[in-house]
Amino acid sequence: MAELTGGQIVAQALKNYGVKYVAGIPGHGIWTLTDAFLEEGSEIPFIQVFHEQSAVHMADGYYRVTGEPMAAVTSIGAGASNTVIGMATAYTDSTSTILITGGPPTHMRGHGLLQELERFTANDFPKVAEAVSKRHWVAQRVDELPFIMQRLFSAMKTGRPGPVHLEIPMDVQAESAEVEIHDLAQRLPVGVAYPDPAAIEAAVEVLAASQRPVIVVGGGAITAEASGEILRLAEKWRVPVVTTWNGKGAFPEDHDLFAGSVGQTGTPVGNGIASTADVVIAVGCRFTDWSASSYAKGVSFSIPDSRLIHIDVDPQEIGKNYPATVGIVADAKVTVGQIADSMPAAAPDRSSYEAELAGKKDEWETQLSKRRDSDRFPFTSQRPLGALRKVLPRDAVIVAGSGNTQGAVKQTFPVYEPRTHLTSGGFSSMGWAVPAAIGAKLGAPDRTVVCVIGDGDFLMTAQEIGLCVTNAIPVVFVVQNNSGFMSIRGGQRKQTNRHIGTEFNRPDGTPYSPDYKALGEAFGLTSFRVESDAELEETLRKAVTLNEPVLVEVPTSRDAAGPWVPGWWDFPIPEYVKEGQEEYRTYRRNEQHL
């Protein structure tokens with residue numbers, strides 16, 4: 001057995017277990033670990049970010065495009081605390097991410113040393129991390145680190161994915177012990193969870209009796225690599241498919257059975273088909289309020305009376321928000337494949353159902369084209385997305401920021417393959433998209449990666465575009481500039497018919513905006529500002545063919561900015577606002593989740 005320091009153990013384990021990159025800021029609490037990345041046998045490229053939050057977002061984006069984990073490391077105290085939003089985003093969206101933070105030396109805990117949280121109990125940060133981690137560990141001794149590292153990877157890579165956290169006290173990083181780093185292949189279970197045959201039989205019986213079935217695809221289907229099986233089941237039994245935020249990409253959107261997305265900012269087609277289905281097959285979908293229109297019956301879903309076949313690897317999701325006629329806890333790929341294999345050879349005649357779907361899609365195309373193909377300037381949110389789709393290859397990766405951009409991409413920008421649409425769905429974190437896009441490009445260096453983001457979201461982590469220069473990472477950033485948090489303003493105006501704190505204005509009320517073209521140039525990116533509709537497509541084409549870091553500022557109208565809202569979202573109206581109360585209470589009475 002070799003004698004290794006705690007830092008060397010962790011670094012060698014990460015390398016042995018397949019981690020290709022580490023990102024972070026090497027503050028004093030993690031110096032010994034980061035130094036180990038320079039040691040022979042544990043060299044891993046280290047990417048220095050400008051904010052610790054971004055290190056976790058970068059690892060998150062890397063996982064979403066590759067299905068493999070990347071690590072983030074930070075110091076204790078402030079550096080560790082800055083990672084919480086990144087961990088919360090990964091935890092909510094079930095992405096496997098590794099966070100390693102430094103900790104106070106074991107002999108100094110509770111003394112209030114620099115950056116220690118100790119007023120309630122000694123060294124309190126691990127309790128903060130606990131709420132946003134699938135599992136977390138605090139190393140007490142050097143010799144237990146090999147065991148912790150293999151358990152960390154086991155927790156992260158089995159069952160429902162999620163981020164994991166390890167705190168290593170500074171003295172444990174520096175001290176050494178004779179240890180052997182475990183062979184991870186001998187510590188992980190082989191195979192996936194197969195469904196109960198009785199559950200498959202029950203699901204087949206329910207589906208075979210359906211007249212208007214629909215498949216709802218969530219992010220879990222992409223994690224399980226179940227896209228091929230979903231396509232096979234849809235085509236064999238002629239079942240339309242709708243997607244959630246994170247399910248987008250699991251089914252090709254140019255397929256005749258694709259029906260759009262569901263939820264508050266879904267599409268009229270997706271909500272219309274899903275809400276009138278007699279059988280709903282949910283694959284890796286947890287039915288969040290955004291995807292289920294806050295459970296208002298008849299808006300996105302009608303469960304019950306629709307019968308639900310719910311497939312998920314996590315048992316707590318079955319029956320949580322909707323009653324399941326058949327609940328199946330198993331791997332999505334295997335389960336959908338078995339259902340497809342077990343269905344009768346010939347589907348019933350669904351010609352009228354498919355004609356209805358085609359008609360709804362034609363109506364939506366007419367509605368969508370009015371904004372997507374508009375020549376107004378400043379642009380609608382949809383117009384640059386239509387132009388971008390024309391110039392991008394089919395397998396390009398689009399990383400969508402939060403707010404209006406997120407909804408507009410969901411509705412307007414078709415994708416065709418899994419892991420080509422990345423967005424922070426469940427947490428909808430501002431500041432996520434820029435570093436996540438950089439992580440995605442690290443994971444998919446041979447594919448075009450474009451980050452489409454609103455200016456408010458962009459300003460949260462804009463400094464990270466510099467990483468594309470310092471590390472030669474060719475990401476294209478398309479900044480939709482409407483001088484404010486327009487998605488928030490839209491919600492405020494719908495709720496109370498007024499708004500506060502959402503527009504970026506000068507004291508005289510005129511819109512304020514930084515010069516994003518100049519900002520991009522200051523960071524070393526080739527940068528453009530689109531000045532008219534006539535130059536939009538050509539500018540985007542040039543940006544994506546340069547194969548270098550590029551920023552494109554796209555002026556966007558404040559008042560023709562957002563996506564359509566065919567669904568509903570439950571946010572209560574103050575009692576002193578009378579307008580809209582009756583509509584709100586009607587929807588509330590129709591909520592079916594309680």
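Summary of computed values
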| read-out | value |
| --- | --- |
| Subset of segment 273-288 (residues that are touching a residue at least 60 places away in the same chain (Cβ under 8 Å) and more than 16 Å from the chain's Cα centre (by Cα)) | I273, A274, T276, A277, D278, V279, V280, I281, A282, V283 |
| Sole exception among (1) β-branched (V, I, T); (2) under 27 Å from R419 (Cβ atoms); (3) not in a loop (DSSP other than H, G, I, E, B) for I148, by number | (2) |
| Verdict on H107 being over 16 Å from K157 (Cα atoms), assigned to a helix (DSSP H, G or I), modelled with pLDDT of 90 or more and not charged (D, E, K, R) | no |
| Of all residues making up segment 37-54, the number that are open to solvent by less than 40 Å² (accessible area, probe 1.4 Å), modelled with pLDDT of 95 or more and out of contact with any strand residue (DSSP E or B) (no Cβ under 7 Å at 6 or more places or on another chain) | 2 |
| Filter result for V565 (among the hydrophobic types (A, V, I, L, M, F, W, C) and buried (at least 21 other Cβ atoms within 10 Å of the Cβ)) | no |
| Pair list, Cβ under 9 Å, 6 or more apart: segment 38-56 residue free of Cβ contacts under 8 Å to residues at least 60 places away in the same chain and among the β-branched types (V, I, T), other residue assigned to a loop (DSSP other than H, G, I, E, B) and open to solvent by less than 80 Å² (accessible area, probe 1.4 Å) | I44/V19; I44/Y21; I44/F37 |
| Where a residue in segment 13-36 is closer than 22 Å to S96 by Cα and its partner, wherever it lies, is of a type in the set (F, W, Y) and open to solvent by 10 Å² or more (accessible area, probe 1.4 Å), with Cβ under 6 Å and at least six apart | V22/F46 |
| Segment 1-59: number of residues that are among the charged types (D, E, K, R) and outside any helix (DSSP H, G or I) | 5 |
| Restricting segment 425-471 to residues that are assigned to a helix (DSSP H, G or I) and of a type in the set (S, T, N, Q), the residue that is farthest from P384 (Cα to Cα) | T470 |
| Within segment 429-444, considering residues that are more than 15 Å from L459 (Cα to Cα) and of a type outside the set (A, V, I, L, M), the one surrounded by the fewest Cβ atoms within 10 Å (Cβ to Cβ) | G443 |
| Those helices (runs of 4 or more DSSP H) lying entirely in segment 309-421 with at least 1 residues under 30 Å from R160 (Cβ atoms) and at pLDDT 95 or above | 332-342, 404-412 |
| Count - residues of segment 231-256 that are more than 19 Å from the chain's Cα centre (by Cα) and either under 14 Å from D312 (Cβ atoms) or open to solvent by 20 Å² or more (accessible area, probe 1.4 Å) (or both) | 8 |
| Checklist (1) modelled with pLDDT of 95 or more; (2) not in a loop (DSSP other than H, G, I, E, B) applied to A185, failing item | (1) |
| Residues located in segment 372-391, provided they are open to solvent by less than 70 Å² (accessible area, probe 1.4 Å) and not small (G, A, S) | R372, P378, F379, T380, Q382, R383, P384, L385, L388, R389, V391 |
| Complete set of residues in segment 445-471 that are open to solvent by 10 Å² or more (accessible area, probe 1.4 Å) and either aromatic (F, W, Y) or within 19 Å of T66 (Cβ to Cβ) (or both) | P445, D446, R447, T448, N471 |
| Every residue from segment 500-536 that is outside any helix (DSSP H, G or I), buried (at least 18 other Cβ atoms within 10 Å of the Cβ) and out of contact with any Gly (no Cβ under 7 Å at 6 or more places or on another chain) | L525, F528, R529, V530 |
| Any hit, segment 122-129, residues being farther than 18 Å from A78 by Cα and of a type outside the set (S, T, N, Q) | no |
| V554 vs. criteria surrounded by 12 or more Cβ atoms within 10 Å (Cβ to Cβ), within 30 Å of T288 (Cβ to Cβ), of a type in the set (A, V, I, L, M) and at pLDDT 90 or above | yes |
| Enumeration of residues in segment 83-93 that are polar (S, T, N, Q), surrounded by fewer than 24 Cβ atoms within 10 Å (Cβ to Cβ) and in contact with a helix residue (DSSP H, G or I) (Cβ under 9 Å, 6 or more places away or on another chain) | none |
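Yes/no matrix, rows are residues, columns are (1) of a type outside the set (V, I, T); (2) under 25 Å from G403 (Cα atoms); (3) in contact with a Ser or Thr (Cβ under 6 Å, 6 or more places away or on another chain); (4) without any contact (Cβ under 8 Å) to a residue 12 or more places away in the chain:
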| position | (1), (2), (3), (4) |
| --- | --- |
| A522 | yes, no, no, yes |
| T539 | no, yes, no, no |
| S557 | yes, yes, no, no |
| W568 | yes, yes, yes, no |
| E579 | yes, yes, no, no |
| E583 | yes, yes, no, yes |
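The values are calculated or read from the model by the stated rules, or taken from the named source; none is laboratory data. Note that the structure is a prediction, hence the values are computed from the model and not measured. Note that each Cβ is placed from the backbone with ideal geometry, even for glycine, and that neighbours are counted across all protein chains shown. Just the protein is used for accessible areas: all its heavy atoms, side chains included, with ligands, DNA and RNA removed. Shrake-Rupley method; radii C 1.70, N 1.55, O 1.52, S 1.80 Å.
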